[in-house]
Every structure is written in C-alpha cells, then in structure tokens.
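Engineer: The structure under discussion is supplied below as structure tokens; questions concerning it will follow.
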Amino acid sequence: MLSRVGSRSRVVLDLGRPVASQAGEFVILGHSAAAGPAESRTGPLPASARALIARLAFVWGTPDLGTRVYVRASRRMTRTLARAFPSTGEVRISTRVLEFAPEDLLLEIVCHEAAHVACFLIHGRRVQPHGAQWRRLMRQAGYGPRVRLNTDAIPSFPQPLRRPRVYQHHCPTCGWTGLARTTNRRWRCAACVAVGRGGLLVVGKVERRR
C-alpha cells in the first residue's frame, strides 16, 4: 500500500501493508469486449506496465500472475496511492499516479503491488507483507525492496477543510451554558456541585458556520 504523509510540498510515499478485500467505490477503466484477458484486467495501465506484469510472471515463476492481477483506478484515493488485495489479485491505483507519475515510478509501484499478489500465489497467507519472500521477488525484478519513497512528481489532491467539532454543555438546573471542542461524560456543572447538587450536563453538537 502506498500512502501520502508529510507536507504538501514534499510527498512521502509509504509502501505499506496490503489489506483485506472490501467493497469498492472505484471506477474500472479500459475494459473492452475485444481486449484479451491480460489487457482487460490491467486496463488503466499503460502498455509498459502491462508488459512488466507479463515479464514478472516469467521471472517469478508465477504464470497465473497476468490473469490474477486485476487493476482498478481510484478517484477517491487522495492519500493512498496504491493498494494490493493479494487474496483476490486486485490492485487499486490512484488516478493521480496514473496521470502524473513518471513511468519509472509507476513501474516500481506496479511491481511493488504485483509482488504482494505473487507472494500470495507462491506462499499463501504464511508470509509477512514485506517479509523476506516479498523482498526476494523485488530483487529478482530488478528493484530494491524499498518500503518508502520520496517524490515531488505526484501532486497532492486538495483536502477538504474539516470544521472543528464544538460541543455545547448546558446545565438544566442553573442554566449555565459553555462551549468546548471536546466532551466528557464525567464533566459536571461546577457551580451546582459546589452547593451539593448533581451538576449533570446536557451535551449537544453545535454546527459552526464558515
């Protein structure tokens, strides 16, 4: 998995763990009734990346890799750049990578994720995501088994501004009202507690205007 962390001016890619399969919210590109199996399953990828998967299948001794890997392009992956689902063979790649990544970086990303799928084909679930078996496949493919990359080549999608949550705390006994960014069930009205009352507060969210 490749994730973005750090500042907007410096993008750090974290090639992390593959994850279990889940329901997708992604668009499948490049499918064609006339396309062959490998081409239709890797539709979003350029020809050089499809050729790389075919070569990796030979180098790694996994002839089923070309038909196993199933590539989807994701418009919703704003922080994560790519993600592998080894048990299903699915590889999701951010449209940012497909549109802006240099070819050599894209090929390394494809190799990284394909290696997770190949590890599953060879060893099943008995290996660590970036363990010795995965590192060996990356070296056989001609890449260093890196799990972190620094690049400025892929722009960041602007993140929507999140309005901070504000909670209103109201004491129905004395009428006191206060605002806070957090809340706690154990908080009580200090004035009521001081005179021997329970001091229970009624808490509700306040919508902040932009």
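The values are calculated or read from the model by the stated rules, or taken from the named source; none is laboratory data. Treat the numbers as computed from the prediction; the structure is a model and nothing was measured. We place every Cβ from the backbone using ideal geometry, glycine too, and count neighbours over all the protein chains shown.
Engineer: For the subset of segment 71-101 comprising residues that are outside any loop (DSSP other than H, G, I, E, B) and within 13 Å of Phe120 (Cβ to Cβ), which member is farthest from the chain's Cα centre (by Cα)?
Structural biologist: Looking at residues that are outside any loop (DSSP other than H, G, I, E, B) and within 13 Å of Phe120 (Cβ to Cβ), I get Glu90.
Engineer: Cβ-Cβ under 6 Å, sequence separation 6+ or interchain: first residue in segment 64-79 and of a type in the set (Ser, Thr, Tyr), partner at pLDDT 85 or above. Which pairs?
Structural biologist: Pairs that qualify, where the first residue is of a type in the set (Ser, Thr, Tyr) and the partner is at pLDDT 85 or above, are Tyr70/Gly89; Tyr70/Glu90; Ser74/Arg92; Ser74/Ser94.
Engineer: Conditions first: (1) touching an Asp or Glu at 6+ places or on another chain (Cβ under 7 Å); (2) assigned to a strand (DSSP E or B); (3) surrounded by fewer than 24 Cβ atoms within 10 Å (Cβ to Cβ). Leu121 passes all but one, so which condition is the exception?
Structural biologist: (2)
Engineer: Please indicate, with yes or no, whether at least one residue in segment 173-184 is among the hydroxyl-bearing types (Ser, Thr, Tyr), assigned to a loop (DSSP other than H, G, I, E, B), within 30 Å of Glu108 (Cβ to Cβ) and at pLDDT 90 or above. Don't jump to the end; show me each part of the working.
Structural biologist: Step one: filter segment 173-184 for residues among the hydroxyl-bearing types (Ser, Thr, Tyr), giving 173, 177, 182-183.
Restricting the remaining residues to those that are assigned to a loop (DSSP other than H, G, I, E, B) gives 173, 182-183.
Narrowing further to those that are within 30 Å of Glu108 (Cβ to Cβ): none.
Looking through segment 173-184, none of the residues is among the hydroxyl-bearing types (Ser, Thr, Tyr), assigned to a loop (DSSP other than H, G, I, E, B), within 30 Å of Glu108 (Cβ to Cβ) and at pLDDT 90 or above.
Engineer: Restricting to segment 97-109, count the residues that are more than 17 Å from Arg148 (Cα to Cα) and crowded, with 22+ Cβ neighbours inside 10 Å. Working first, answer last.
Structural biologist: Going residue by residue through segment 97-109, those that are more than 17 Å from Arg148 (Cα to Cα) are 98-100, 103.
Pick out the ones that are also crowded, with 22+ Cβ neighbours inside 10 Å and you get none.
Residues that pass the stated criteria total 0.
Engineer: Starting from segment 87-104, take each residue that is more than 12 Å from Leu45 (Cβ to Cβ) and list its partners that are in a loop (DSSP other than H, G, I, E, B) and among the polar types (S, T, N, Q), counting only C-beta distances under 6 angstrom and pairs at least six apart or across chains.
Structural biologist: Thr88/Ser21
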